[in-house]
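What follows is one structure encoded as structure tokens, with my remarks underneath.
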2 protein chains.
Amino acid sequence: MAPSGRASIPEATVARLPLYHRCLLDLRDEGRPTVSSEQLADLAGVNAAKVRKDLSHFGSYGTRGVGYDVAHLLVEIASALNVDRDWPCVIVGAGNLGSALATFAGFTNRGFTVVGVLDVDPAKVGRPLGSLTVRHQDDLAELVAREGVAIGIVAVPPVAAQEAADRLVEVGITSILNFAPTVLDVPDHVQVRDVDLAVELQILAFHEDPSRRVGPTRTAG
Amino acid sequence: MAPSGRASIPEATVARLPLYHRCLLDLRDEGRPTVSSEQLADLAGVNAAKVRKDLSHFGSYGTRGVGYDVAHLLVEIASALNVDRDWPCVIVGAGNLGSALATFAGFTNRGFTVVGVLDVDPAKVGRPLGSLTVRHQDDLAELVAREGVAIGIVAVPPVAAQEAADRLVEVGITSILNFAPTVLDVPDHVQVRDVDLAVELQILAFHEDPSRRVGPTRTAG
């Protein structure tokens, strides 16, 4: 797919492509050669009309009565997402969350390999973590250069997050996945995505029956 | 805020309220009595016009030249989000991710208390985890009834996720935060939010320079 084609894909579609990619991987692993837009919609939790519209960006691989060729569509979507080759990633922060992310099985077949986990805490540096060993944050530049890392994951407490981001940007990282509940200040050429787990819970809480809360009222959240 | 007021808040605003809540907590902790819409916008990473529009749902607490009263706005937003009292939560899955979530410091002042972590693995049951002890999944019904739990967190591998969700629904859980990369099938009265960490990385990858990937091309993602 040409860069001009990629640029024309709306952001809402981009956000759904990973879901289709994940479902197509499952279908391939189950040995299914084709999938209808209705089936894919059901698996991805999206409506079928949206699936057809999203997939129209990839040309017409759907055949009426047969559906989409799973292998073909998987290659096209992986290519559009740039995950047809692996992205090496580094994690800054070897606490509970960083350690969980370093050993998370869900990254391996989706295009990402964690090549390093770094920390400043002498108690953590040198500790084994899955197939890796926690390294000192001072090793960041060398590691990023050697492995050609573009993506960094921030898994440090909020008070240390901006400094971690600054370090990542200094050594050439251009994409940051930030788990610290704070807004990072980065140059324009660096993209950040925030995952604030309490935000997700608060959105659930908004829609919940407030009578199911417990304990005394807190005066300020 | 009356239920009719809450119902009129657009979903996009609901998704930003947790960010304002987080920033207001920080401002309160710094002892700041007021904040302008521009300052709050900057802290939350949102534009100022959007902040003013979002906050207009809470009546007019902004004073020209002075800004919003931090304590007052914090109470209003916490109340709208239903996080002015605590939500007890259970986590199903005491692997690396479940353990990290159980000890995650970022939930405590945002309205959520993890009251139990459950697993079926005899090697994990009985293990201490922060101030908790991992319990057997068979204890779920008793725990949920005793603590009045409405929110469950699924942190098991994808193959076990639907069964975990079924168990949660059976015992009366009505909100699920799902970390397994799979779409859960739940009754209409149960709401699910999915956090697929590979999806976040793939969205970053889409916008990255593809020349920064490494290794051989993978034929199917």
- prompt: Between A:His207, A:His57, A:His189, which gets the highest mean-square fluctuation from a Gaussian network model of chain A, Cα cutoff 10 Å?
  reply: A:His207
field: Projected area, mean over directions - the protein assembly as shown, Cα convex hull, nm²
entry: 22.4 nm²
query: How big is Rg to Rh over the stretch B:87-200, alpha-carbon atoms, Rh as the Kirkwood inverse-mean-distance radius?
result: 0.92
field: Cα centre as origin, Lys/Arg/Asp/Glu Cβ charges: the protein assembly as shown dipole, Debye
entry: 420 debye
message: Pairs of alpha-carbon atoms within less than 8 angstrom and 6+ residues apart define the contacts here; what relative contact order does the stretch B:86-132 have, in percent?
response: 47 percent
- line: For A:Asp209, placing the label point 7 angstrom along Cα-to-beta-carbon and taking the stretch B:176-190, residues whose amide nitrogen sits under 19 Å are B:176-177, B:186-190
query: In a shell of Cβ-Cβ distance under 12 Å around B:Thr13, excluding B:Thr13 itself, what net charge do Lys and Arg (+1) and Asp and Glu (-1) give?
result: +3
field: Listed residues A:Val199, A:Val51, A:Val183, most fluctuating in chain A (Gaussian network, C-alpha, under 10 Å)
entry: A:Val199
message: Which one, A:Thr103, A:Ala48, A:Pro88, is farthest towards the positive end of the dipole of chain A when Lys and Arg carry +1 and Asp and Glu -1 on their Cβ?
response: A:Ala48
- line: Once normalised by the length of chain B, the mean sequence separation of its alpha carbon contacts under 8 Å that are 6 or more apart gives a contact order in percent of 13 percent
message: With a 10 Å cut-off between alpha carbons and a GNM built on chain B, which of B:Ala94, B:Ala198, B:Ala78 moves the most?
response: B:Ala198
- request: With everything on Cα atoms, drop me the angle between helix A:70-80 and the longest principal axis of chain A, reported from 0 to 90° to the nearest 10.
  value: 50 degrees
message: Assuming 0.36 nm per residue, please report the length gained on full extension of the stretch B:Asp166 to B:Arg193 beyond their Cα-Cα distance.
response: 8.2 nm
message: Can you compute the modelled spin-label distance between B:Arg146 and A:Thr113, with each label point 7 Å from Cα toward Cβ, in nm?
response: 4.7 nm
message: Give me the three principal axis extents of the stretch A:34-108 from the C-alpha atoms, as integers in angstrom, largest value leading.
response: 51, 24, 18
query: Across the stretch B:19-36, in residue order, what do the Karplus-derived ³J(HN,Hα) couplings come to in whole Hz, using 6.51 cos²θ - 1.76 cosθ + 1.60 with θ = phi - 60° and x for Gly and Pro?
result: 5, 5, 4, 4, 5, 5, 4, 4, 4, 4, 5, 7, x, 7, x, 9, 8, 7
query: What dipole magnitude, in Debye to the nearest 20, does the stretch A:59-150 give about its Cα centre under +1 on Lys/Arg Cβ and -1 on Asp/Glu Cβ?
result: 220 debye
- request: Using only Cα atoms, tell me the angle between helix A:197-207 and the longest principal axis of chain A; keep it within 0 to 90° and round to the nearest 10.
  value: 60 degrees
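Rule-based calculations on the coordinates, nothing more; no lab input. All values derive from a computational prediction rather than experimental measurement. A quick note on method: Cβ atoms are made from the backbone with ideal geometry, for glycine too, and the neighbour counts reach across all protein chains shown.
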